[in-house]
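A.B. asks: Take a look at this one; I'll ask things after.
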Amino acid sequence: MIRDHLFEPSELTVPANTRVKLVVRNEDPTPEEFESYELNREKVILGGRKAVIFIGPLTPGTYPFFGEFNPLTAQGRVIAE
């Protein structure tokens with residue numbers, strides 16, 4: 001979820017070598033863009049809406065993501081184990 005320009009939780013642990021469906025709700029009134037160079041994903045999520053983002057399968061490791069419109073506060077990471 002996105003709230004107050006922060007991703008909550010900011011850290012997600014997912015199974016390695018498995019395709020994963022993330023559902024991200026933006027509870028802020030303004031849009032945010034989920035972006036990750038390492039995951040090769042970017043998706044604008046309008047205020048008050050949700051988006052589905054498929055990732056993986058991922059090799060074990062850490063994959064950072066951030067909010068394009070609020071990059072100083074909206075940061076997180078996916079950990080594939």
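A.B. asks: Fewest first, what order do 38, 81 take by the number of other Cβ atoms within 10 Å?
C.D. replies: 81, 38
A.B. asks: Using the Karplus equation 6.51 cos²θ - 1.76 cosθ + 1.60 (θ = phi - 60°), what ³J(HN,Hα) coupling, rounded to whole Hz, does each residue of segment 60-75 give in order, writing x for Gly and Pro?
C.D. replies: x, x, 10, 10, x, 9, 8, x, 4, 7, 9, x, 7, 10, 8, 9
A.B. asks: Let me ask something else about it. With contacts defined as alpha carbon pairs under 8 Å and 6 or more residues apart, what's the relative contact order of segment 2-80 in percent?
C.D. replies: Over segment 2-80, the number comes to 38 percent.
A.B. asks: So for segment 15-81, what percent of the C-alpha to C-alpha distances run longer than 13 Å?
C.D. replies: Tail fraction, whole percent: 63.
Throughout, read-outs are computed from the coordinates displayed, never taken from laboratory work. Since this is a predicted model, take the numbers as computed values, not measurements. For neighbour counting, all protein chains shown are included, and Cβ atoms are generated from backbone atoms with ideal geometry for every residue, glycine included.
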